[in-house]
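The structure appears below as structure tokens.
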Amino acid sequence: MPRERPRHTPDAVVATCAAGATTAARVRRRVTVLAVAVAALVLAGCSSVPVSRPPVQPPVDPAALAGVTLVVGDQKGGSRSLLRAADLLDDLPYRIEWRTFTAGPPLIEAARAGAIDVGGTGNTPTIFAAAARARVQVVSANRGNVTSDAILVRRDSPIRTVADLCGARIAVGKGTSAHGQVLSTLRAAGMTLDDVDLTFLAPADAYGAFRQGDVDAWAVWDPYTSQAELDDGARIVADGTGNANGYGFQVASNATLADPARSAALADYLARVAAAQVYSDSHREQRARVWSEETTIPLPITRRAVARGPDLPVPLDDTVVASQQALADAFSEAGVIPGRADVGAFVDRRYEATTLAAARDGIPGTPTDRRTGAR
């Protein structure tokens, strides 16, 4: 049976939220702060991955790439299906070994440990990485729609507005972009994380809890947003419109940046991802079909997710850093991360020129090639 949510009058809602944190929320917040602080201590020791940002590596003979295996972290329907939809996985000068993760935080942890070379993630995991002084660098940026980053409720839920979330139990992945979305949404409504009861769950577990009524709401991203809408009739109470920056990033291990051959392979990989992102915008049906084939997610769901808009490459510039810093500062002010995370200290622009050139021109000899006279 679904857990019955307490019914509040409007005045009671205001009074409850104004009264401050629930005990459970305060405890969970302190545990999160402690976890980030402990992670920082752990990351400071016992690792062969370089602590500081490695210098730009010297050029390598292209033939050297034949001996490189780039280990790439991916998420459901992420870079692998994106590249395949653009025919950019054929004739690579190096090998790719794919590792799939449920969300950004474990992916970044793998990069921190040198278990993967690079992986794509949303905006918030990079902030937690900076707070923990992880041995990684943000090496490229993209910006997507913010309507798929949503706080969902069941179709029969009495929750209709953000204010109605006061006291609600919200399932969310800790340190994910959805975590940042919840924080930003509540702040915009004059509320805090202490006004809700966050339950930290991975997407699959959160979906089960949401369906069973064990939580009142679920904060998540596509394809889960589209799946819940189509399969369960879920309603969106709030999305990122007006308060989310929509940024996503490729994050590389310092160990990869310190290796000349792997660093060169990474430059090619980032260029391909950027070209594929642009290509996907004008080939949405192809993108949806390959996404469905790669993940077995029904085509209507991937079509709905793709229709909301693509992630497109953007310069990794001061505007991006400032927006991320503002989100990091919001997490600090909320007491979720200790101290101030210096986002800019983990931004590496060495690949920006080649990545943006690929976004503009495509990859020569592939369907993404947009140069004058190209096929």
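The values are calculated or read from the model by the stated rules, or taken from the named source; none is laboratory data. Just so it is clear, the structure is predicted and the values come from calculations on it, not from any experiment. All Cβ positions, glycine included, derive from the backbone under ideal geometry; neighbour counts span all protein chains shown. These accessible areas exclude ligands, DNA and RNA; they are computed on the full protein's heavy atoms, side chains included. Shrake-Rupley method; radii C 1.70, N 1.55, O 1.52, S 1.80 Å.
Here the strands (runs of 3 or more DSSP E) wholly within the range 213-292 that include at least 1 residues being under 22 Å from D149 (Cα atoms) and open to solvent by 10 Å² or more (accessible area, probe 1.4 Å) are 235-239, 247-253. Residue count for the range 294-310 satisfying the condition of being under 22 Å from R272 (Cβ atoms) and at pLDDT 95 or above: 3. Tallying residues that are closer than 14 Å to L83 by Cα and among the acidic types (D, E) within the range 286-337 yields 3. State yes or no: is V347 free of Cβ contacts under 8 Å to residues at least 60 places away in the same chain and among the β-branched types (V, I, T)? So V347 fails the test. Would you be able to tell me the number of residues in the range 293-326 that are touching a Gly at 6+ places or on another chain (Cβ under 6 Å) and either among the hydrophobic types (A, V, I, L, M, F, W, C) or open to solvent by less than 50 Å² (accessible area, probe 1.4 Å) (or both)? Residues flagged as touching a Gly at 6+ places or on another chain (Cβ under 6 Å) and either among the hydrophobic types (A, V, I, L, M, F, W, C) or open to solvent by less than 50 Å² (accessible area, probe 1.4 Å) (or both) within the range 293-326 amount to 2.
From the list R112, R99, R133, the one residue that fits, being at pLDDT 95 or above and either within 18 Å of D259 (Cβ to Cβ) or open to solvent by 30 Å² or more (accessible area, probe 1.4 Å) (or both), is R99. For the range 136-158, which residues satisfy the criterion of being over 21 Å from L316 (Cβ atoms) and either in contact with a His (Cβ under 7 Å, 6 or more places away or on another chain) or buried (at least 19 other Cβ atoms within 10 Å of the Cβ) (or both)? Answer for the range 136-158, where residues must be over 21 Å from L316 (Cβ atoms) and either in contact with a His (Cβ under 7 Å, 6 or more places away or on another chain) or buried (at least 19 other Cβ atoms within 10 Å of the Cβ) (or both): S148, A150, I151, L152, V153, R154.
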